[in-house]
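Student: Structure in structure tokens, see below.
The values are calculated or read from the model by the stated rules, or taken from the named source; none is laboratory data. Everything numeric here is computed off the predicted structure, so don't read it as measured data. Reconstructed Cβ throughout: ideal geometry from the backbone, glycine too, with neighbour counts over all protein chains shown.
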Amino acid sequence: MKIYISVDIEGISGVTNWGFTHEGGYNYERARMFMTEEVNAVIRGAKKAGAEEILVNDSHGPMTSILIEELDEDVVLISGNKKILGMMEGIDNTFDAVMLIGYHGRHNTSGILAHSYNGSVVSEIKLNGRVVGEFEFNSLVAGYFKVPVVMTSGDNILTSQAKEFNKNIEAVEVKKSHSRYVGECIQPKRVHKMLELSAEKAINNKSVIPNILEGKVELEIAFMDSGMAEGTLCIPGVQLIAPNRIKYKAKDIIEAYKIRGGLLTLAGAWMR
């Protein structure tokens, strides 16, 4: 059995402000350890359920946050930025299940540190008219390869959004949002037990099916300001539909995902 794990940091227990999330932040090194320990707990549960091969993709910011020297020795880690498939780098149809760990709610919702890929650039993302965040978009990338997302973890806002999108998923609430920068966090040792048990249960849950979006995909992105939207118009096929909003018609979800990455990079370069 082959398992794919994508790990972000904002949905890790104990992480409640940006000081935990970036290099040089006063709590970043602590958050890196929290993140590594949570994924190790998930790995233990997956191995108990029969996983023989596990690929972990570091999916936060610089994508070098996981402490490889502290990671379970039986797994392989994808580390480093500038990935073509970003948070889903390495996914293909050889995997049996996907787990999205340490995830967070989408932008403009009440979750802890809620955002959609780049909180300084993106206000909203839609796929075929439906608002999505990182959890939903990444799930659809897995679905393209016919692989189900069987487990996720994060705050109560993330788990609610995940259940709305994938009702049979094992969604582990490791903290409760009081506000954007305040959370009611479960102690890490208890979180590890929860994640280990849930990972084992998730892999044995045969009711979860892949989230598949077939055919052409209309990608719509609202940026934080009009200049960012204007900065993406050099890409053929990008249409301006409002001062800060563009759309792009992709042949499939993978093209939509790849162009999203490029558009966000361009828009970010146009920030004041």
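Student: Out of the stretch 39-67, which residues are over 22 Å from Ser116 (Cβ atoms) and not hydrophobic (A, V, I, L, M, F, W, C)?
Tutor: If the condition is that a residue be over 22 Å from Ser116 (Cβ atoms) and not hydrophobic (A, V, I, L, M, F, W, C), then Asn40, Arg44, Gly45, Lys47, Lys48, Gly50, Glu52, Glu53 are the ones that fit.
Student: Right, something else. Pairs, please: C-beta under 7 Å, at least 6 apart or cross-chain, first residue over 13 Å from Ala31 (Cβ atoms) and touching a residue at least 40 places away in the same chain (Cβ under 8 Å) and in the stretch 51-66, second aromatic (Phe, Trp, Tyr) and surrounded by 22 or more Cβ atoms within 10 Å (Cβ to Cβ)?
Tutor: Leu55/Tyr4
Student: Mind counting the residues in the stretch 79-94 that are over 19 Å from Phe135 (Cα atoms) and either in contact with a Cys (Cβ under 9 Å, 6 or more places away or on another chain) or surrounded by 19 or more Cβ atoms within 10 Å (Cβ to Cβ) (or both)?
Tutor: So the count comes out to 0.
Student: Right, here's the next one. Within the stretch 105-144, track down each residue that is crowded, with 23+ Cβ neighbours inside 10 Å and either free of Cβ contacts under 8 Å to residues at least 12 places away in the same chain or part of a strand (DSSP E or B) (or both).
Tutor: Val122, Ile125
Student: Please enumerate the residues belonging to the stretch 1-51 that are among the polar types (S, T, N, Q) and modelled with pLDDT under 95. Spell out how you get there, then give the answer.
Tutor: Here is the first cut: in the stretch 1-51, the ones among the polar types (S, T, N, Q) are 6, 13, 16-17, 21, 27, 36, 40.
Result: no residue meets the conditions.
Student: Look through Ile221, Ile209 and report the one residue that is out of contact with any Asp or Glu (no Cβ under 8 Å at 6 or more places or on another chain), among the aliphatic types (A, V, I, L, M) and under 28 Å from Leu127 (Cα atoms).
Tutor: Working: Ile221 fails: out of contact with any Asp or Glu (no Cβ under 8 Å at 6 or more places or on another chain).
Every option except Ile209 fails the conditions.
Student: Moving on to the next point. Inspect the stretch 169-192 for any residue being more than 25 Å from Phe20 (Cα to Cα), charged (D, E, K, R) and outside the structural domain of Val42 (by TED's automatic domain parsing) and give the result as yes or no. Full working, then the answer.
Tutor: Quick first cut of the stretch 169-192, residues more than 25 Å from Phe20 (Cα to Cα) only: 169-170.
Keeping just the survivors that are charged (D, E, K, R) gives 170.
Subset that is outside the structural domain of Val42 (by TED's automatic domain parsing): none.
No: zero hits.
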